Amino acid sequence: MLDKQDLQAISQLLDEKLDQKLKIQKEEITAEIGASVNAGFNYVEDRFNKIEEKIESLTEEMAKRPTRNEIFSWADRRIDDLELRADRHDYLHINEIDSLPSQREISQALLDHGLKKTA
């Protein structure tokens, strides 16, 4: 028959085995959770890297486009040129400007002769 010391020794051995088994299970669970978390972080990092690549390509594309100042300076040069041409035209025909028909008649005549396209 087993006495009290034998039962305590068996109980102590069982406790040690159970603690050891729980420790192993805890390490396995911790390793699985760590692997899952790492996989999640890797996925998120990969997505962020792809977004950064898209942003960089957009930044490069936007750098190629003209700035607002470049567009306005180009338009200003074109308007200045058109104003100068209009002034030269008016100067050449200064004596005839007062005898010209209305703008509507001029436009219609240009349309009739095929010199102006309809809008």
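The values are calculated or read from the model by the stated rules, or taken from the named source; none is laboratory data. This structure is a prediction, so every number in the text was calculated from the model and none was measured. Methodologically, a virtual Cβ is constructed for each residue, glycine included, from the backbone with ideal geometry; neighbour enumeration extends over all protein chains shown.
Let's see how each residue does on (1) assigned to a helix (DSSP H, G or I); (2) surrounded by 10 or more Cβ atoms within 10 Å (Cβ to Cβ):
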{"position": "N42", "(1), (2)": "yes, yes"}
{"position": "M62", "(1), (2)": "yes, no"}
{"position": "D87", "(1), (2)": "yes, yes"}
{"position": "S107", "(1), (2)": "yes, yes"}
{"position": "K116", "(1), (2)": "no, yes"}
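Please go through (1) loosely packed, with under 10 Cβ neighbours inside 10 Å; (2) at pLDDT 90 or above for K4 and return the number of the only condition it doesn't satisfy.
Unmet for K4, out of (1) loosely packed, with under 10 Cβ neighbours inside 10 Å; (2) at pLDDT 90 or above: (2).
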